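Step one of this worksheet: look at the structure below.
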Amino acid sequence: LDMYRDAAQQACNAFQVAWAHVAWVDRDWVHTPGALMDEASDELAETGIARDKALASFVVADDQSLVIEDTQRDPRFTHNSFVDKYGVRFYAAVPLRYKRSAVLGALCILDREPREMSEDDLEVLQSMAEYLMKSLEDNHGVPPATKMTSERLDQALQTEEDQRQHKPDIDLHKP
């Protein structure tokens, strides 16, 4: 939990946003341990967000970063109860990838005001996400798994094994 809260705090500080969280996406819910969302932090950390209301679901489904400069101008989120309840106007998130393959969740930053995010800023957020995943892998082997992340993790591990098994036995240094 401390590692997630630290990552969220670093993201808040780096981008001067009101909120940040690590989101692990499973079949029905998005879990946000260590969320920094004012009074909602404890509630979100315990219950998470229904997947159909969670913006991080788009990051996992689309397998790419997501930047919403103004949620009120994006028709996908104009009637989103999470966005409405917390007054989220800006949202940016990058994938949390297991060993650069399966997307298990997202590192997310949010704010009360619309704002822009440059490509350089997005690269910094991505670097923060990669650092978090490397730290989790180094400390625990794999990030904590939920239903969906377990399936994605199994797929990633199988892909790694398949690649090792199909690696040609060729020594490129021999004539």
* Enumeration of residues in segment 61-73 that are among the acidic types (D, E) and closer than 17 Å to I109 by Cα -> E69, D70
* State the number of residues belonging to segment 61-104 that are part of a helix (DSSP H, G or I) and in contact (Cβ under 8 Å) with a residue 60 or more places away in the chain. => 1
* Structure fact -> Out of (1) without any contact (Cβ under 8 Å) to a residue 12 or more places away in the chain; (2) surrounded by 22 or more Cβ atoms within 10 Å (Cβ to Cβ), the one C108 does not meet is (1)
* To do: Considering each residue of segment 37-53, count those that are in contact with a helix residue (DSSP H, G or I) (Cβ under 7 Å, 6 or more places away or on another chain), open to solvent by 30 Å² or more (accessible area, probe 1.4 Å) and modelled with pLDDT under 80, and give that number.
  => 0
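The values are calculated or read from the model by the stated rules, or taken from the named source; none is laboratory data. Remember, predicted model here, so these are calculated numbers, not experimental data. In this analysis, Cβ positions are derived from the backbone assuming ideal geometry, glycine residues included, and neighbour counts consider all displayed protein chains. SASA here: full protein model, heavy atoms, side chains in, ligands and nucleic acids out. Shrake-Rupley method; radii C 1.70, N 1.55, O 1.52, S 1.80 Å.
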